[in-house]
Structures are given as C-alpha cells and as structure tokens.
Amino acid sequence: MKKKTKLIIVTMVVVVAVIAGSLGVYFGYFKPHKEAVDAYNVVVSDIQDKNDQLDGEIKKLQELVDNKDQPIDETTIDTAKEALKNAGASEIVIGEMPKSTKDILSKTKELSAPVDYSDELTALSTAYTNLENSKKQYKQVVNPSEEFVLQRILTVDDVVDARAVTEDQDPNGNLHKAGGYTSTVYFESKNVNQSEIYVSGEYSDVLIDKGTDAGGAIEVYENVEDAEKRKDYLATYDGTIYANGTHTVIGTVLVRTSNELTATQQKELEQKVIDALTRLE
C-alpha cells in the first residue's frame, strides 16, 4: 500500500511538473508570440488596404498613360508619369513577417506609423483628369466636322461671321481632293477693317471672296501630315509681300489668322480659336 501511494505521489508530481512546464512554455512563448502576430496582422491589414487603394489608382492612371490616344498638351503625360513615380516610391513595402517574437514586435512598431497617401491619391486623380481631358480635346480636333467648326468658331467674341467653302466656292480648289482639306471655314474678325479688304467678286459669298484677310480660316485635314504640309507651304511666304498671316496646326486642323491684324491680335485670336475648338462640354 505504501508503494502504491508513493507511485501515485510521484506520478502526480510528474504530471504537475509537465503541466507547469507546459504552462510556462505557453505563457512564456506561445501566448506572447500569438499576441505579437495578431498585433502585426492588424497593422499589416490596415496598410494593405491603403496600399490596395493606392495600387488601384496607380493602375488606372498607368493604363491611361499607356493607351495610344494623343493628348493635346504633352505636359499632361509628363505630369502623369511624375505622379506615378512619386506614388510608387511612397508606397510602404511590408515584406515577410519576421520569425522571432522580438523581431515581430519590432516590425509592428515600425509599421505602426500612420499611413497617409492623400497627397499621392490627389496627385494621381488630378493627373488622370487632366490627361483624360487632354486626350478628349485632341480627339475634337482630329478631322472635326464642318458643323462642329462653324458652331465653335461663332462662339469666339472676336468673330463676327463665318462661312464654309463649297466645291463651287473654294478659293484654293482643294476641298475633298487628295491631300486637301475636308472642310474650310473662313471667318470675319471685328478687329479687321472690312472696307479695306479686297473683294474679287468671283463668288457670291462676300466673306469667302475676302478669304483669310477678313479675319482668318480653319482648314480641316484628314491627317496630321496633310495639315503640316499645308502649313509648311504657307510658311514659304512668311516675311514676303505675299505673307498670309499666321498658320498653326492643332490636331489635323490648320488655324489661320489674317495678316491685316497686328502680331498681338493674331496671337490672341489664334488662341481664342484654339480654345473654342478644344473646349470640352
């Protein structure tokens, strides 16, 4: 009986020791480690949510930058690329969770600093809007319709009247011909003394008779190459007695202003016409 009691006591001591050891391991390692992992995961989850939001905006802008649509303002591409670069550089890289409890706690503390991507998100959003609008503006001046050009030119405050050429009334005779314009609209400027403009009397439409001298013209081409070729041809007369005013290509459109205007008036009118053609509504 004494031997049996002694065995029971020894067994109980061993069991207690094992339990104590297990509890010691649990409270000394497993519990602190689990708490450290849980705290780490909470911090990482918050960062990952914000990274996902940032990544979504980065992807959205990158896709817009990568598509082949041309912007009317090339600087919008540069600005977008800069916003992408800054956003990518600011994103927090989480990496793998450390192994030891001590290192996990240290990493958690390091990652616990507030994460604020508001500046980067604003920059990405602004760059996206500006680039998207710039590409829409360019599309508006790629072989626009005659109706569109007439409607827009008549919104310019300096413009008094506008007329589109026809095959029967076309001073240059290039309407719808290979390499020629798909439409041309002559317009009259209030800053030109119309009584001093020579009228040949060739056409019934007096404004078309006056031609570009009356204020200017908008020549629309099928492609950029044809528009540039026409501009280069007109440039050969610059500085001569045959000078015919300014001539600037935007998209596939050649914007011309009268040589009867001063240089300042030409520049101001040209910009107003371009603004009218590229205005988004």
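The values are calculated or read from the model by the stated rules, or taken from the named source; none is laboratory data. What you see is a predicted model, and the numbers here were worked out from it, not measured in a lab. As a convention, Cβ positions derive from the backbone with ideal geometry for all residues, glycine included, and neighbour counts pool all protein chains shown. With ligands, DNA and RNA removed, areas are computed over all heavy atoms of the protein, side chains included. Shrake-Rupley method; radii C 1.70, N 1.55, O 1.52, S 1.80 Å.
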Q: Would you point out the residue of segment 178-201, among those that are in contact with a helix residue (DSSP H, G or I) (Cβ under 6 Å, 6 or more places away or on another chain), without any contact (Cβ under 8 Å) to a residue 60 or more places away in the chain and assigned to a loop (DSSP other than H, G, I, E, B), that is surrounded by the fewest Cβ atoms within 10 Å (Cβ to Cβ)?
A: SER200
Q | Condition check for VAL65: open to solvent by less than 50 Å² (accessible area, probe 1.4 Å), more than 29 Å from ILE274 (Cβ to Cβ), of a type in the set (A, V, I, L, M, F, W, C) and in contact (Cβ under 8 Å) with a residue 60 or more places away in the chain | A | no
(Q) Which pairs turn up if I take residues in segment 29-51 that are closer than 24 Å to GLU91 by Cβ and look for partners that are open to solvent by 40 Å² or more (accessible area, probe 1.4 Å) and of a type in the set (Asp, Glu) with beta carbon separation below 7 Å, at least 6 apart in sequence or on another chain? (A) ASN51/GLU91
Q) In segment 66-82, what count of residues is obtained for those that are touching a Leu at 6+ places or on another chain (Cβ under 7 Å) and either at pLDDT below 95 or in a helix (DSSP H, G or I) (or both)? A) 3
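Need a quick list: helices (runs of 4 or more DSSP H) entirely within segment 83-177 having at least 3 residues that are at pLDDT 90 or above and open to solvent by 40 Å² or more (accessible area, probe 1.4 Å).
Where helices (runs of 4 or more DSSP H) fall fully within segment 83-177 and carry at least 3 residues being at pLDDT 90 or above and open to solvent by 40 Å² or more (accessible area, probe 1.4 Å), they are 118-140, 146-153.
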Q | Of the criteria (1) touching a Leu at 6+ places or on another chain (Cβ under 8 Å); (2) modelled with pLDDT under 90, which one GLU57 fails | A | (2)
Q: Name every residue in segment 30-65 that is over 10 Å from the mean Cα position of the chain (by Cα) and either of a type in the set (Val, Ile, Thr) or outside any helix (DSSP H, G or I) (or both), in order of residue number.
A: VAL37, VAL42, VAL43, VAL44, ILE47, ILE58
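Is it fair to say ILE104 is closer than 22 Å to ASP52 by Cβ, touching a residue at least 12 places away in the same chain (Cβ under 8 Å) and not acidic (Asp, Glu)?
The answer is no for ILE104.
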